[in-house]
Each structure stands twice: as C-alpha cells, then as structure tokens.
1. Can you pull out the residues in region 684-699 that are touching a helix residue (DSSP H, G or I) at 6+ places or on another chain (Cβ under 6 Å), more than 14 Å from residue 782 (Cα to Cα) and part of a strand (DSSP E or B)?
2. Residue 400 - would you say it is touching a helix residue (DSSP H, G or I) at 6+ places or on another chain (Cβ under 6 Å) and either farther than 29 Å from residue 506 by Cα or in contact (Cβ under 8 Å) with a residue 24 or more places away in the chain (or both)?
3. Would region 408-424 turn up any residue that is outside any helix (DSSP H, G or I) and surrounded by fewer than 21 Cβ atoms within 10 Å (Cβ to Cβ)?
4. With respect to residue 1027, is the statement that it is surrounded by fewer than 24 Cβ atoms within 10 Å (Cβ to Cβ) and not in a helix (DSSP H, G or I) true?
5. Look through 211, 218, 166, 173 and report the one residue that is over 33 Å from the mean Cα position of the chain (by Cα) and surrounded by 15 or more Cβ atoms within 10 Å (Cβ to Cβ).
6. Every residue in region 370-396 that is within 23 Å of residue 185 (Cβ to Cβ) and in contact (Cβ under 8 Å) with a residue 40 or more places away in the chain, please.
7. Please specify each residue of region 911-922 satisfying the condition of being at pLDDT 80 or above and surrounded by 20 or more Cβ atoms within 10 Å (Cβ to Cβ).
8. Residue pairs, Cβ under 9 Å, 6 or more apart or interchain, first in region 739-760 and in the same structural domain as residue 1035 (by TED's automatic domain parsing) and within 23 Å of residue 778 (Cα to Cα), second at pLDDT 95 or above and crowded, with 17+ Cβ neighbours inside 10 Å. List them.
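The values are calculated or read from the model by the stated rules, or taken from the named source; none is laboratory data. Because the structure is a prediction, the values reported are computed rather than measured. With ideal geometry, Cβ positions are generated from the backbone for all residues, glycine too; neighbour counts draw on all protein chains shown.
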C-alpha cells in the first residue's frame, strides 16, 4: 500500500505498477479462507482501478471489476471494510458502463453504491464519498433512461455529500462538481432556470476550490463551460458564451493528449463555438466548431457510448456551414453523420429524439435543393418518430414540432396541397405553445411561422392570413433575446411583404415595419465585431435605410425621415464618436457609472478600429483551433460596455443615453448652422431632397428626373474619365487634360444641375440665408451613388453665362446630420479659439513614391502666412514626419495641415485609406484610435482623402470623415489626385482667407470659416487654370463646419 500511496501523491507510473505486482503476490500467497483475503483483493482491485484512471486501458477496468466483485462476495456485511469495497466496485462498474454502455453494469453499480451508503454509519468521515458515488450512478441511469426519479435522487444524494463535507476538505470540489452535473442534467430535462443557476454555482465553486495544476482542473473547467453554454442558450447573454468558451479552451489546453476525457472536451468546446456562431455569425467560430467536433469524433474509439452524440454535434456544425453557403456538398456530410449517430443509438436513449429532429431538418433542406420525394418522406418519418419518443413536457419538444413542420412547408411548395401548409402552421403553433417566452429560439420559431403564413396567404389572398404573417414577423423582430440576424431577417421579410401587397397594407404598418429595421441596425453592425466585419455588414444596409426614408417622405413624415437618415448612415463613425462622448452630465448624476464607462471607452478607442490578428502559437497543440487574444479582449470590453449602457439607461433621465437622436434633440443644435443641410435620399421607388434649415424647419423637394439608371450612367462616365485622365497620386494630373466645353465632365456636371442641384436651389429662399453680403452656406448629405459625384461643382458649363452652383452657395459635405451638428456645438462652446497652434506635416520625398517638390513651396508659403498672423507652428518635415511623431503631435494642435501622398482603395479594404509618411502609412484605422479633444481645422493636402469605398457609400470611409470623427470640426480633403503645383495656390489663399474671416469676427457661432476660405481658394485657382480644367479645382472639398 505504501507504493500505492506514493503514486497517489506524485503520480509516478512505476509506483502503481510495482503496487500491482506486490498486491498480486500477496493474493497468490494467501489462501481463500485467509481472513485478510477480502482486504487483499480489495486493495488489488483498487490498484487496477487507479491505473485505469491514469492510462484508460480497458483491460485494467475489467481486472478491477473481477477482483473487486470477488472481494465483495467474500467480505461479510459486518466487516468494517465492506462499504469501501462496495463503493470501489460501484466506481469500477460505472467506469465500464461509460465505455461499453452495458445497462447491467449500471444497475450493478447502483446496487453496490447503495450497499456502501447503507453500511456506512452516520457521522462516518467517508459517508459523503458514499453518497457521491450513489449520486453518480443515479445520474448515469438518468442519462440513459431519462427517468426524472433518477435525477431527483442524484441531486438529493450529491447535495447531501456537499452538506456533510467540511470546508477545506480535499474532496469538496469533486462533490460540488457532481452536484453541478446533476442540476445541469435536470435543467436539460425540465427547463427550470433555478436548476441551471444551481448547476453554475456548483461548477464555479468546484473550479474556485481546485488549485492550478490539479489533475481534475480541466474536467471542472469543462463542466463550468457547459453550464455557462446552457445559460447562454437560454438567455442569449454574450458574457456567458465568452466565459464558456474560455473555460472550455482552458480545459482542452490543460488536458494531456491521450487522456480519455479529451474527446468530450473538444466536443464541448465545439458546442460553444457553434452557439456563438449562431448568435454573432462569425465564420471563424463555425470553422472552429467543425474542427473541434471532428477532432472529438476522431479521438473516440468505435463502440464508445458517447460516439453517437459526437456524430450529432459534428453534423450540427456541418449543417451550420450549409446554412451559410447553401451548397449541397456541405449538407451531404451533415446528413451522413446524423445517419451514423442514429445507427448507433437505441430508441430508449434520451438523445435519440434530437438526433431524429436534426436528420428531419437536414433532409428537408436537401429536398428543397433536389426535390427528391424520398427525402421528404424520410424527413416526415424522422420528425414523427422524434415527437413519439419524447416524453411529455420535455423542453426540447418545441424544436421537434418546428422541424417536423418544415417537412409540410417544403412539400406544399412542391405540390401545392393546401393541407400541407395548414399542417405546417398547426405544428408551428403547437411549438409556440411549448416554448418558454424568454427562450432565444422564439425569434426563429416565429420567423418560421411567418414564412409558413406567407405561403398560406399567397394561396388564399385573405387579409387574416396576411395579418397573421405580419404579426409573426413583428413578434420575431421584437423578441430581444433572439439572434440579431434572425430578427433582422424577420424585419426585412415584414417590409417586403407590406411593399409587395399595398392593397393589404396601411401607411402606419409600413412605417412601423421600417422603424424596426432601423432600430436593429446597431446590432447588425455590432461594435464587438472586427472593423472589417462591420464594414462588410454596413455595406448591405444602405438600400434598406433609403427605402425607409422614401416611405416616410411619401407619408409626409419628414421628421421621421430625417431621424432614420441620421440613424442609418455612417454607423461606424457613430460608434467612434460615441466612444468620445463627454460624460459630464452622467458624472454629475452617476459618477460611479461614468468612471466605469470612461474606463471601458478608453480601452475600446484603440481596439474598435482593429482587424484582429490571430495569435502566433496554435492552441492546445491542435491546429484546428485558433486564438485571437486581441479579439477576445475587444469582445469582452464591448460586452462590458453594452451592460453598462443598460445600467445607465435604467437610470432616471438617461433613458436615451447615446441612442440615435430624435428630431427634437437634433433641432436645438441646428440653430447653430450657418445654412441649410440638404439630404438627398436615393431609392428605386423615388428620389427626394430633405432640407433642414437653421431654425429647425423641414421641407422636401421631389426630384422626379433622378433615377438609378441615370445616376448609374453618369457615375460610370465620371469614374471612367477620372481613371483615364487623373492619376492616383499627388502631382500626376496632366496640365492640359480635358479642356474645353465638350469634355465628358461638362455633361456630368450639367446633369447634376438639371436633375438635383437646380431644383433644390430653386426651392430654397437663398436670400434668407445671406448675411454680411456673403453667399449662403449649404451642407450636402447625399446617399447611395450620389456620394461619389461633385454636387459642389454642378452647373451648365456649356453656356458661358449659365448657372454654376458656386455662384449661389458655398458648399460643404457631411457624413451625417449628427456629425455636423456635433461639430457646430463643439465650436460654439469652445472656450478659446484664439489660441491656435498649427501642425504642419510635409513629405517632399516619401520613400518608394514620386517626389513632391511642390510641398516645399506649399510649406514655405503657409509658414509665411501663419507667421504674419503670429500663429504658433510645429513643422514635421521629410524624415521628421514619421507615423508615431504625427500621431503624437495631432492631439496637441487644433489645426493640422498634411502635405503628402494619400491613397484610398476604392474597391477593397475601406480602412486602408492612408497618408503616406516617412516610415509608413497613417491609415484610417490609426485615425480611429486617435483622440483630439481640442481639434478644429484640418487641411489634407493629399490625394484621394475624401474618396469613399465604392462598395459602401453610406459609411463615408475616407480620411476626411475620419478627421471629423476624431474631433476636427472642419476638414478640407480631395476627391481624387491634385496637381503638385496647384496645392500651394489653394493652400496660401485658403489660410489667408480663413485668418481674415476670423479676424473680422463675421463667423457664425457654430462655424470655423473653413468652407468660405476654401470657396475663395478654389475661385482663385479656377481663375488661374480656367473653370473647364475640372480635374484641377473640383477635387478640393470641405467637410463639416
């Protein structure tokens, strides 16, 4: 026994081998009637049991059972070691059952454990261990039969083991683990949330009490992860799935290869990845779910009782990939794994109904693709069988009805038999009755019900069927616990149904449906996603927002239209701005929440603009799992941020804190505007301008000549001419390109005047906005493809005295109304605008790019102007203009001037627009994480600094908008390449005019003067080069105030 005890302490396998040899010799030397023979056999059997736990060799557990059974038979009931022997025999029998699934072993294990409990007196220190062993046997039988009495007995005995064990006892963590497992299995059977909370409590306590390095730490982390996964599935709280994945990852990483528990840990990690994919749609989670589930199957020997469930989970991951790709080659492996699982599973196995449901669902999907009737017939058989095998009240029963309904829905689309769609709706209504209201799956169930009701309406054309479908989609969207992607899908389907059937629709119902789409947009472009994913998601949303605005304008709901335009544009910039929002008002009321929010905002300011890289090392010695620590930290911070938002908005007076602005909150700062803001909403159904005047009045102007076909044609012409005649870098625009009134630019600018700008100016009372003999200031906020066209240059240039927009107004642009109003308020409330400091960055010879000698002349002229006005200037020239130096200096200077190369990938990654500096790129991503609290004016004397991404017009993903987002109030940028010798002309006039305006004191309270200064500067350039040299003066644009 000394060798055995030393093995228990230090784990040297030589010791347990030697112990077995010694025990064998002792048994062989003793006669059968020797009084110590039962004890010798018991020690011998326990040694085999212990070696099995370390090595997992089946022959060891076989030997242990045979020897312990003989010991138990020889040992009289009154023998003091009888409970120990019976307990150990029960443990070995349960271990063999876990491998073979032989029900007789389980029954014998319960008998042995019950005997051990009965023969152990109350108060004995081993009594908790006996209760724990009996509880494990009850739990195993419940998992096999699903009998509630067994799980109730398991909870009772495991709880008793915990209660009888003093704090600090080495076995207490394992008893908490067993109690947690019993509560979790009970929850999975009954759906009672109290049991789930008890499970998490038990597993968390077990982990806390288990020291690092303990051999049981991985399994306890695994159990905790599984409990948190179940709560996430119930509540949809992302914090639970994040912690669940972390626990499962740690379990896998801490478990040595070859350990018998490793397959289950891979499996559970895969389940968590799959659950997070279903919620967030991150493709990397799905791929990791497939990899880990496949690994679990590969590591599990044939014949193992867990193999069927592992096949099922692998099938679920593969099915998820089919849902994403729609490819049959992704569906076939899923169906094969479900079939394999069912072949290995007896009908009495509690998980069999779920297996049948999954097969039913995927056969329906294949039928939809192939129209093979055999698939739908088999699916119906599987669905019926799943319901038949499920006990009444089982929490998963709603899912079986839902999958079964899909059979009849698909068959109706194939055959048109009205009985099929009626049956599908009946089954879905039954499922709706069975599911609990707070279940995240309610959204998906209601979306399926709505889809079935649409099919019935298509057949019946009855108002009641139409209304039922609308109600289901509305309820699906409004269910806050559900997946945002499913809720968004329901919202879109609701709008589409209303649009397609106007005779069944009311104006209020249509506007209400649109409002639900707008409300869910922040969840689709979730801050927790990487920047690439957010841009990808936002690129799909513009047409939905424009449709909503068009409906509101058609209904005369102009205030609603403005709110939706503002809430649905520049979503990523809105996120950046929200992380820079002053917290003074919150701090005055709730300083505790303000401090917490300021802390998490600071963390997110650097991570919110990131595309997260994977860690270099593979995880857990398995290449199928990748880890991005930066992405994990970012998601954790966003979840913390979201939870703080809920707490803040629950505080009186802060219900709308950082929510999209209402028209009432937008009107007040609009009085600071120097002139109207003109939104141009572009949609296939209609095109309109919305005009918000400084006093808060709203008017609309119909633009009937504007259409998608017309705008697409002039945009294609405009872009092709730019590509042919304008270089992509500063200094590459030829001197005499495209002169004359017959060039294509003239045609484009003429159409912009006729279709858009002329009607808008005609509708405005421009005289009302004229002050101090200055032209009115007008801020454009176009949508869709119009964002790429130069509204500020529209005019009839083929007529010598024809109208030009610059003769009537001074033009600016803004990504959104909130952006320009925020800039107005910041300027109006600035404490001291006289203390101006300028950062001047010049790059005459950027490594790897063409030289820009004009930047030296530009810099010299600018320094003369600034010195004359006694403006303090910091110069970073040539080699001094590094990325880090410029970033460090930006927050210290209210004015910034950058004269260098610039670039924007108009079709690729929108975050890679950049200034090209001495040692690298100062990108749009870098700007997002830069904070400039006192920033005012930026002049970006580089190429393509105001060019957005052609795939995502609504996000204004360019450097000029980036400068607004980090705090600048007025920004001058360029929409394509500029000549190196034109920039000094524009820059010198711009700054002279800007300083003159500020000295004269004629600026509006919310203005910087930058728009008027640029207007004058481009006038001077235009007079020098000729107004028809469009490539030279049109690129200069102003954003902000």
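1. Within region 684-699, just 698 meets the criteria.
2. Considered against the rule, which asks whether it is touching a helix residue (DSSP H, G or I) at 6+ places or on another chain (Cβ under 6 Å) and either farther than 29 Å from residue 506 by Cα or in contact (Cβ under 8 Å) with a residue 24 or more places away in the chain (or both), residue 400 comes out as yes.
3. yes
4. Answer is yes for this residue.
5. After ruling out the rest, the residue left standing is 173.
6. 389, 391, 393, 394, 395, 396
7. Result: 914, 915, 916, 917, 918, 922.
8. none
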